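Take a look at the structure below.
The values are calculated or read from the model by the stated rules, or taken from the named source; none is laboratory data. Worth saying up front: this structure is predicted, and the values here are computed from it rather than measured. Don't worry about glycine lacking a Cβ; one is built from the backbone with ideal geometry, like all the others, and counts go over all protein chains shown. Surface accessibility is based on the protein's heavy atoms, side chains included, excluding ligands, DNA and RNA. Shrake-Rupley method; radii C 1.70, N 1.55, O 1.52, S 1.80 Å.
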Amino acid sequence: MAQPPSAPGGLPGVGDVARAAGALAKRLPAQLAPLASLAYNYGWSWALGGDEVFADVDPDRWRVCGHNPVRLLVEADDEALTRAAANEGLIRRAQEVTDRVLHPPAREAELPAGVDERHPVVFVCAEYGIHESLPLYSGGLGVLAGDIVKTASDRRLPMVAVGLLYRYGYLHQRLDVGGWQHEYWTYLDPLRRPLVRLTSGGRPLTVRVQVWGRDVFLYVWRADIGGVPLYLLDSDHPDNDAVGKWITARLYDGSRDVRLAQYVVLGQGTIRMLEAMRVEPGVVHLNEGHAALAVLEMARQAVDAGAGFDQAVARARQGVVFTTHTPLAAGNEAYPGHEVMAAVPDLATRFGVNQERILGLGRTWSEDHAEPVGLTTLSLRLSRHANGVAARHGEVARAMWHPLFPGRSVDQVPISHVTNGVHVPTWLGPLMRELLDRHLGMGWIERSADPDVWAAVDAIPDADLWEARCRQRAALVGYVRGRASGDRLRRGEPLDAVRAAADVFDPFRLTVGFARRLAIYKRLHLLSRDRDRISRLLRDANGMQLVMAGKAHPRDDEAKGAVPGVFELARHGGPQARIVFLENHDLSMGRALASGCDVWVNLPRPPLEASGTSGMKAALNGGLNLSVLDGWWAEGYDGANGWAISGEIDGDHEAQDARHATALLDILEGQVLPLFTDTDSDGIPRRWIAMVRHSLRTLGPFVSSERMVGEYERRAYAKP
Ligand SMILES: *Cc1c(COP(=O)(O)O)cnc(C)c1O
């Protein structure tokens, strides 16, 4: 076997990252050298002051480069670099941030049993939402994966993350004048991103798997996320044919066959890569079932070491934990047995057993050869621990997967839950951050899962809390004006309409947000159901403004169909209606919305929202949730920290939609607006601020990803 590409004292690729940073530093004035190292570690993106040190080098270029620090430093001109090099304050700040990111203090808390530096948690996911400059995510699953990785870094939990490098990332969205989505993809040039290709003995490291009976060669790229390396497998390798190269071209490719090939690459590729790197997992965490084949690859290792099939599977299973994310049947992908066998023909022969024995692991009834092989089924059978992502989702998942556990009652189905959380330093807006830093004390973010830490929220003066909220809302309104105008100009709308659309948004007005992946169960269409009534709220002098965004999967025409309804609503309301649907939702837009909206709306059809996290981001920023009692809100809502729409299950979708749409407008009109507009002589809505304060106190510790990752450490990662 080739020498592992490891540097002493670090995980594989440390030397490759250092070389790339060194090469970048050589192009810069000597004083800026720390910035080159910082550019290759996404820890800057959540370090206090990290954004500013890059922005201050060249603010225009920073924007043009989409906040990609490697591109910024490559493209900034001599004049900007010379100016930055002479800026002593900037150099000092850059050095400080770099020290904090690259040399964090050691972990004091005990590690989960079975996990240490030499046996890290191996976290595997098909998508990662780390930052807008690395577009390898489509929505909540990826953003959650990013937040888990960042939190593991903050906690100095030894972790290695593995995913795929999609050379064309996820889709970009454009909407036409009717609101219909069009999508396109752009090349994600890895050499212009904070990514380095792993080498071994001076040559690119190559991992090999077999798909459809052919060799597929994979490069491995590394992105540093604070202290966690994210390894990305990439089939765009010169030894692959065009089809092989395409496997990792696009996240959630439209072709089922290509997606299955991606799951083979992610599952088998992860384990082969670890083998090549000589990394021994303390535990493997499958975040969603896409990588389920990893466990069979682990079993194959045990067979190679002399174990029998059953023993090998049992042993592999002991090293795996699994998180399921979707209560939607169609979201749990399954493939007919013959398609699986075509994709991985050597699956059974390598074990020396009948192929139906292997395929049976992915079926509810192992003997039923007609039943498709499900990735979730396979993952549930092949993991020592399984969890859903909210308490209600745990219940739903136990009922849903009950048939897999004959002889047990529903309550005894071994699927627990770890409710999702969000990474505080990523999602907290700058003014709320400043305010909370001032009141909650040093190091509060590391302790943000502790309710006592949030007690100090009670001592924040109303006026200060209101001011921070107003300034974050004003920043969002500025952002919305710019984006809404740009979208309309691109669509070729008349200039007076473009100007009017920007002017109607008001920094002092109640701002309501709705943005997430457009899947039909998220029910965007409820907002435009009663056009006359909502139009009044959007036009009244004392009314609200509504900001929406979201991408639909390219093949999901039903979900795409909700946006024309919103455009229709905007037309119906006329030029004075304060409503906008922004194109191309991504992480940076997500941050702007989460920090600026006063009310965050979520309308999933119960019980299909596994957790949801966007409302948690809003809550952290002092936004209030108005949501159906499903997912995390069924746990988070206490009767006074936001508003709830009933979460009942109803087979009559039409009747349920009618009820929920009415409830939404009743609450907005009858409760939300009166509370927001009831200001005292100082212009402060005291009762609103009291509710914001109560929301922060009750939800702060719960929504923090420190709480979530702490629970994963104790309940899932620790060896039983
Ligand atoms: C948080 C986030 C999501 C998840 O939204 P949900 O309401 O939880 O579905 C999706 N997309 C982006 C860009 C996000 O930041």
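Points to keep in mind about this one:
- Whole-percent carbon and sulfur share, accessible surface of region 478-702, 1.4 Å: 50 percent
- Legend: distances between Cα atoms for K551/K617; K560/K617; K150/K522; K617/K719; K245/K617; pairs beyond 29 Å are K617/K719; K245/K617.
- Basic side chains Lys and Arg get +1 at the Cβ, acidic Asp and Glu get -1 at the Cβ, and with that the dipole of region 343-459 about its Cα centre reaches some 280 debye.
- DSSP bridge orientation in region 478-702 - percent antiparallel, rounded to nearest 5: 0 percent
- Inter-part distance where region 227-245 and region 44-101 are each reduced to a Cα centre, Å: 30 Å
- Sulfur and carbon atoms: percent of accessible area, region 8-102 [1.4 Å]: 52 percent
- Helix-only arithmetic for the chain: the sum of -39500 (n - 2.57) across DSSP H runs with n ≥ 4, divided by the residue total, places the mean residue ellipticity at 222 nm at -12500 deg cm²/dmol.
- Formal net charge of residues neighbouring K560 (Cβ-Cβ distance under 10 Å; K, R +1; D, E -1): -2
- Degrees between helix 562-573 axis and first principal axis of the chain (Cα, 0 to 90, nearest 10): 10 degrees
- Which of V209, L232, L251, positive extreme of dipole for region 207-261 (C-beta unit charges): L251
- Taking the C-alpha atoms only, the angle from helix 14-26 to the longest principal axis of the chain is near 50 degrees.
- Sorting the segments 586-599, 12-25 by their mean number of nearby beta carbons within 10 angstrom, highest to lowest, gives 586-599, 12-25.
- Ranked order, T270, T186 - accessible area, probe 1.4 Å, largest first: T186, T270
- Calculated on alpha-carbon atoms, Rg and Dmax of the chain in Å: 25.3, 81
- Ligands, DNA and RNA are left out, and with a 1.4 angstrom probe the accessible area of the chain is 37 Å² per residue.
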